[in-house]
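We did not get these values from a lab; they are worked out from the coordinates using the rules stated. On a predicted model such as this, the values are computed, not experimentally measured, just so you know. All Cβ positions, even for glycine, are placed from backbone atoms using ideal geometry, and neighbour counts span all protein chains on display.
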Amino acid sequence: MVPFDFRPRTRVLFGAGEFGRLGEIAREFGGSRCLLVADPGIVEAGYAQEAVRSLKARRMSVYEFNGFRANPDSAMVETGRDFAAPYNVDLIVAVGGGSSMDCAKAINFLLTNKGKMRDFWGYGKAAQPLLPMIAVPTTAGTGSEAQSYTTITDTETGTRMACGDRKVVFQVAVLDPKLTVSQPAGLAAASGYDALSHALETLVTTRQSALSDCFSRSAWRLVNSGLEGMIANPRDLEARGDLLLGAHFGGLAVENSGLGAAHACAYSLTAAYGLPHGVAISLVLAAVVEWNLASASARYAELYRGDLPERLRRLAELAGLPVSLREAGVPEEALLRLAEDAGKQWTGKFNPRPFGTAAALEIYRRAL
């Protein structure tokens, strides 16, 4: 049996309307100067303003930073650090999807430990304590609110740096399914598909344990039903709630099990073609599952007793996601270059079947 060391560090509030308690929760940390990290879409949707009102109602000063975009890079993080430093903030609140949460974690590294993001590439590089943080995810996908890593692109090299530390965790996660209703349909579908991939990949990695298994199975059960329900009725709060909670369990599974070949292949597609992460995942997940069957068929069958790759392709079609690399504009002549990059990605080393350049090329060809 694989050993594990489980340290639950994040308080979770789940339910429709829980966002309204943000100011009350923030005040429990005893601070009074809050950095609010929210991407421009969250500002446009009005959620940033709601957060500001809630925080100010509890007599907190709020400083808003939204100078970043999807897949934030080190330059954006440094801009956020420079913005926040003069205010001597004592709390960070992230409202938004994975990009908001990644950016908030990264800014926290630089505010408290100085240096540049590449100094924290790897795990356990933060020598000083970090500021307390609250996450309010508005997408059901990454599960970043449950993880001790942030993924930031190095501005100079284009390399995606996974920077982790047990201190860079959210002390509180507020999971309010009402906040996910305003998501554009394409973003909701891609985010949900990413959550689905977390359930599947964590179930079969070489690091999976009895603990991660519980989270993987719960994530699959909730996301598999919730994604289809949300597609059928975008205003179904039960389905939205299943997706949001399933994504959180998927994030816990990732934290305790790691990921696999699908994420390695997806990272390279995003780097080369700018594809949103969930879209990149939808292009390769079914092909990876097919390729992994030689090593993990029994584990997959415990979750789904039918044709799992076909189920994954059907869900992608229902969600309006592209189902082939050609459909997404990726030509066959690019596959070898993509495979060489994918073979170097860190998540591939946890795949149940040994993974490298040759394996990535075979997977891309299946997905073409």
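Observations
- Listed candidates [x] 57, 43, 43; [y] 60, 56, 42; [z] 66, 44, 40 - label of the one calculated as Cα extents along the principal axes in Å: [x]
- Sparse packing (at most 11 other Cβ atoms within 10 Å of the Cβ) combined with a DSSP loop state is found for the following trypsin sites (Lys or Arg not before Pro) in segment 199-290: 235.
- Distant alpha-carbon pairs in segment 183-367 (separation over 24 angstrom), percent: 31
- Size descriptors for segment 260-348 (Cα atoms only): Rg and Dmax, in that order, 13.1, 37 Å.
- The separation of segment 248-327 from segment 86-107, counted between C-alpha centres, amounts to 29 Å.
- Restraint check, 178/344; 105/349; 114/178; 116/178; 125/178; 178/349, Cα-Cα greater than 27 Å: 178/344; 114/178; 116/178; 125/178; 178/349
- Between 197, 297, 257, the residue with the greatest mean-square fluctuation in the GNM of the chain (Cα pairs under 10 Å linked by springs) is 297.
- For the chain: relative contact order, % (alpha-carbon pairs under 8 angstrom, 6 or more apart): 15
- Furthest towards positive pole of dipole, 211, 328, 342, structure part the chain, Cβ charges: 211
- Normalised by 2.2 N^0.38 Å, with N the number of residues, the alpha-carbon radius of gyration of segment 326-368 equals 1.14.
- Here the dipole of segment 11-179 is about 440 debye; that uses its Cα centre as origin and unit charges on the Cβ of Lys and Arg (positive) and Asp and Glu (negative).
- The calculated 222 nm mean residue ellipticity attributable to helices in the chain amounts to -16000 deg cm²/dmol, summing -39500 (n - 2.57) over DSSP H runs of n ≥ 4 and dividing by all residues.
- Applying both filters, DSSP loop and at most 16 other Cβ atoms within 10 Å, to the trypsin sites (Lys or Arg not before Pro) of segment 258-355 gives 305, 326, 344.
- Around the Cα centre of segment 63-149, unit charges on the Cβ atoms of Lys, Arg, Asp and Glu (plus for the first two, minus for the last two) sum to a dipole of about 220 debye.
- Selected from 300, 273, 149 as most flexible by GNM, with the chain as the system and alpha-carbon contacts under 10 Å: 273
- Springs between Cα atoms under 10 Å define the GNM used for the chain, and in it the highest mean-square fluctuation of 269, 222, 303 occurs at 303.
- With eigenvalues of the C-alpha gyration tensor scaled by 5 and rooted, segment 11-179, Å: 24, 17, 15
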